[in-house]
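A.B. asks: Have a look at this one before I ask anything.
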Amino acid sequence: MPEFTIPADDPNRQLSIVDPDDPALQHLAMVGDTYTILLSGAQTGGLFCLIDMMVPHGGGPGPHRHDFEETFHLLEGEIEFTFRGQKSLAKAGMTVNIPANAPHSFRNVSGADVRMLCLCAPAGQEEFFARVGTPVASRTAQAPKLDPAAFSAFLAKAAALAPQFRTELLKP
């Protein structure tokens, strides 16, 4: 077995201690949900990003896939995941991993807000959200309701940017 050497510590990297309610964080409205960037690729050397997600009843993204791993840990509520066409219900305390490249979506069908953490590895998804999302005041701020024209504009922008972020939006 080859010898393994751990690289030297990088003193340019800093400890991150994050309060999800810090107003200085990026809080973004995304298709009715509110996503807060807790850790970005800039903070993790590009290894991963961590996003706090508040998903109201009826919220969640449409079908999509991407070439990175995505893991969700439910803090509050229940959410329905669709993975390769199969539906599964995840509840608070559960963790769900979506393998890279697999078609998936999620939807809150519980009747109450869901809060979950989303870890994407490697990082980059947070940059996509920053480019297509709308800034809001906090992680608990309700995303503004989009009229049909605004929703169409959002979808067009997301579809145009998705390939740059290794993501493919799929037909429902």
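A.B. asks: For helix 148-161, what angle does its Cα long axis make with the longest principal axis of the chain, in degrees from 0 to 90 and rounded to 10?
C.D. replies: In the chain, helix 148-161 runs at an angle near 30 degrees to the longest axis.
A.B. asks: With all distinct Cα pairs included, what does the Kirkwood hydrodynamic radius of segment 60-115 come out to in Å, to one decimal, could you say?
C.D. replies: This gives a value of 11.4 Å.
A.B. asks: Related question: With each label point set 7 Å from Cα along the Cα-Cβ vector, what nm distance links Thr140 and Lys87?
C.D. replies: 3.1 nm
A.B. asks: Just name one of Thr140, Ser110, Ser152: the one whose Cα is farthest towards the positive end of the charge dipole of segment 64-172 (beta-carbon charges, Lys/Arg +1, Asp/Glu -1).
C.D. replies: Ser152
A.B. asks: Between Ala153 and Leu170, with labels modelled 7 Å along Cα→Cβ, what's the label distance in nm to one decimal, could you check?
C.D. replies: That separation, rounded to one decimal, is 3.0 nm.
A.B. asks: Using only the Cα atoms, work out Rg/Rh for the chain, with Rh taken as the Kirkwood radius, to two decimals.
C.D. replies: Answer for the chain: 0.99.
A.B. asks: Hey, another quick one. Given charges of +1 on the Cβ of Lys and Arg and -1 on the Cβ of Asp and Glu, with all other atoms neutral, how large is the dipole of segment 83-172 about its Cα centre, in debye to the nearest 20?
C.D. replies: Details: 11 positive and 5 negative charges, 48 e Å.
That gives a dipole near 240 debye.
A.B. asks: On to the next question. Using a simple charge model, +1 on the beta-carbon of Lys and Arg, -1 on the beta-carbon of Asp and Glu, nothing else, what dipole does segment 1-121 show about its Cα centre, in debye to the nearest 20? Don't skip to the answer; put the middle values down first.
C.D. replies: On the way: 7 positive and 15 negative charges, 108 e Å.
Result for segment 1-121 is approximately 520 debye, rounded to the nearest 20.
Values quoted throughout were computed directly from the atomic coordinates according to the rules given, and no laboratory measurement underlies them. All of these numbers come straight from a predicted model, not from anything done at the bench. Here the Cβ is made from the backbone with ideal geometry for all residues, glycine too, and neighbour counts use every protein chain on show.
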